1. Would you call residue B:119 touching a helix residue (DSSP H, G or I) at 6+ places or on another chain (Cβ under 8 Å), closer than 24 Å to residue B:31 by Cα and touching a residue at least 40 places away in the same chain (Cβ under 8 Å)?
2. With the structure loaded, tell me whether residue A:191 is facing chain B (nearest Cβ under 8 Å), under 30 Å from residue B:17 (Cα atoms), modelled with pLDDT of 75 or more and surrounded by 12 or more Cβ atoms within 10 Å (Cβ to Cβ) or whether it fails that test.
3. Counting only residues that are over 27 Å from residue B:195 (Cα atoms), give me the helices (runs of 4 or more DSSP H) lying completely in region B:1-104 with at least 1 of them.
4. Would you check if there is a residue in region B:42-58 being at pLDDT below 90 and facing chain A (nearest Cβ under 10 Å)?
5. Any residue that is under 30 Å from residue B:188 (Cβ atoms), over 21 Å from the mean Cα position of the chain (by Cα) and surrounded by 14 or more Cβ atoms within 10 Å (Cβ to Cβ) - is there at least one of those in region B:1-15?
6. For region A:65-92, enumerate the residues that are at pLDDT below 80 and in a helix (DSSP H, G or I).
7. Return the total of residues in region B:5-26 being more than 8 Å from chain A (Cβ to nearest Cβ) and over 30 Å from residue B:87 (Cα atoms).
8. So residue B:68 fits all but one of (1) crowded, with 18+ Cβ neighbours inside 10 Å; (2) without any contact (Cβ under 8 Å) to a residue 24 or more places away in the chain; what number is the exception?
Amino acid sequence: MNRIRGYVERYERLEAEKKDITEEQKLVMAEAKAAGFDTKILKHCIKVRTKKPADYHEAQALADMYLSALGMVVEPPLFRAANRIGVDIAARESVIEALKNFVPENGSIVIEAGGAPVRLTRDKDGTVTAQDVVERPAPPASSPASAGRRNRVPQDVPDVSLDEAEALGVKAARDNVPIITNPFPFGDDRRPRWDKGWRTGSGNGGFGPE
Amino acid sequence: MARDDISEFGDVFEPQEAQEPILARGVRAALQEWLEEIWAETELAAVGITARKRAIFDGKPGVGKTTLAHHLAARLGLPMVAVRPERVISKYVGETGQNIGRMFDLASNEDDPIVLFIDEFDALSRQRRRGEQASDDERNEEVNTLLQRIEQHKGFIIAATNYGAHIDQAIWRRFDIHLTLELPGQRERELITARYLAPFGLPAAALRSIAESLDTASPALIRKLCEGLKRQFILGPKLGYDMSREATIARTLATIHPHPDVGKPRLWSLGERDSAVRALPWPIPLADEISASAPASAREPAANVVRLR
């Protein structure tokens, strides 16, 4: 009997203390309000302080991004950040100086400021250099590998009649030349004739030895 | 232009790189017929039919489906684009279908014809199923796209699969030519062994017995074996290995095996104790030496040494 009473009374006491504490918290807020502070913002700050800094920054960055996507932020986050570090974004030199901090290690970024592109490069030692980008002539339309394929040397197509093509095929077979070296391109009527000649000359169908 | 882009979906094989396949008689005739048909396109058009342009090769792994497709393309004088399924299949819903569409768009450029070769075709054309899961719906969409595009495609398509049974029936029907490639027979095995053993060669009797011991082996396996032997001939002495007949064969067989499911040829069951191994001349001579030193009675080349062009 006594044990149960003990538990209940202890719980009730704590409940009362909780009430007192809540009252005191309200008093603190009232005091702050009387001193002219915005209690909503104060409460927000208290909430932020309970979070891990990394979590908070991530959430903040995401919120910035979403808001700017929704068109609710006049100034993109990067510019706001630049403003915070005291950069005059209207002046080319100061923008370049500020952006030097963002150059990745062993990498470079190209910005267009004041009408001319500038490449900022961070070398191995970590020093950043700015260089005007010189427009290079556009690379040829195709890469070398594919060019090799497309511009492969066209085989010499002999200028012969159908019958002569067949005779060439016979000769090729006797000279032990593989059947796939047929010199006539796809769609040329002489190609089948050469193939036929080769088969006659070799005595097999061209699908390997019989 | 098209081929620069289509190489995004597969590898381009030029005609000059093709090899002669080694085929059984029935398949040989069917293929010759197909080639003639393609070449007779204008005559066929006059009687209102078109040449068949879509073939599907079905056969166990390593029977030479790719070699054959490449050879056919080379005979036609066209490059072959071997489609890589992993470059077509996408993890995103709908993108596989899109890729299939783009691939066919690129392949049907009439100025730059190609033979489209789709290996492991079952990867793209699984049987459609009643949609029980979202993934089934997606797969059905892909198969439908493939179905339409194959039907409309004007160029050459050769598909190859190890599992004919897994291919959707409607797609199977869209192919005009169905060809099952079997494992090579005794005669084909002799030719394949001779080809891949070159420049070494075997007298006819030894070749016959070794081909018998390789019964049920695929061309790819025979090739591996021959290449393994040649490797041993070159590397064995450098490594100070025992170069006796039995030891060399045992070392070669140790690292080359048929797939457990396809059955073991006798050579692998008996190993270096196989009678075919005892019949091998040792060291294996060069092919040219055999024909010169053969007895006069057997100097008829066709009967004694298999020569390959």
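The values are calculated or read from the model by the stated rules, or taken from the named source; none is laboratory data. Everything numeric here is computed off the predicted structure, so don't read it as measured data. We place every Cβ from the backbone using ideal geometry, glycine too, and count neighbours over all the protein chains shown.
1. Working: touching a helix residue (DSSP H, G or I) at 6+ places or on another chain (Cβ under 8 Å): yes; closer than 24 Å to residue B:31 by Cα: yes; touching a residue at least 40 places away in the same chain (Cβ under 8 Å): yes.
So residue B:119 fits the description; yes.
2. Numbers: facing chain B (nearest Cβ under 8 Å): yes; under 30 Å from residue B:17 (Cα atoms): yes; modelled with pLDDT of 75 or more: yes; surrounded by 12 or more Cβ atoms within 10 Å (Cβ to Cβ): yes.
For residue A:191, the condition - facing chain B (nearest Cβ under 8 Å), under 30 Å from residue B:17 (Cα atoms), modelled with pLDDT of 75 or more and surrounded by 12 or more Cβ atoms within 10 Å (Cβ to Cβ) - is met.
3. Numbers: elements: B:2-6, B:25-39, B:41-46, B:65-76, B:85-88.
Where helices (runs of 4 or more DSSP H) fall fully within region B:1-104 and carry at least 1 residues being over 27 Å from residue B:195 (Cα atoms), they are B:2-6, B:25-39, B:41-46, B:85-88.
4. Yes, there is a match, as at least one residue in region B:42-58 is at pLDDT below 90 and facing chain A (nearest Cβ under 10 Å).
5. Kept after step one, since they are under 30 Å from residue B:188 (Cβ atoms), are these residues of region B:1-15: B:10-15.
Now restrict to residues that are over 21 Å from the mean Cα position of the chain (by Cα): none.
No, the conditions are met nowhere in region B:1-15.
6. Correct list: A:77, A:78, A:79, A:80, A:81, A:82, A:83, A:84, A:92.
7. Within region B:5-26, the subset more than 8 Å from chain A (Cβ to nearest Cβ) is B:5-6, B:8-11, B:13, B:17, B:19, B:24, B:26.
So of that shortlist, the ones also over 30 Å from residue B:87 (Cα atoms) come out as B:24, B:26.
Within region B:5-26, residues that are more than 8 Å from chain A (Cβ to nearest Cβ) and over 30 Å from residue B:87 (Cα atoms) number 2.
8. (2)
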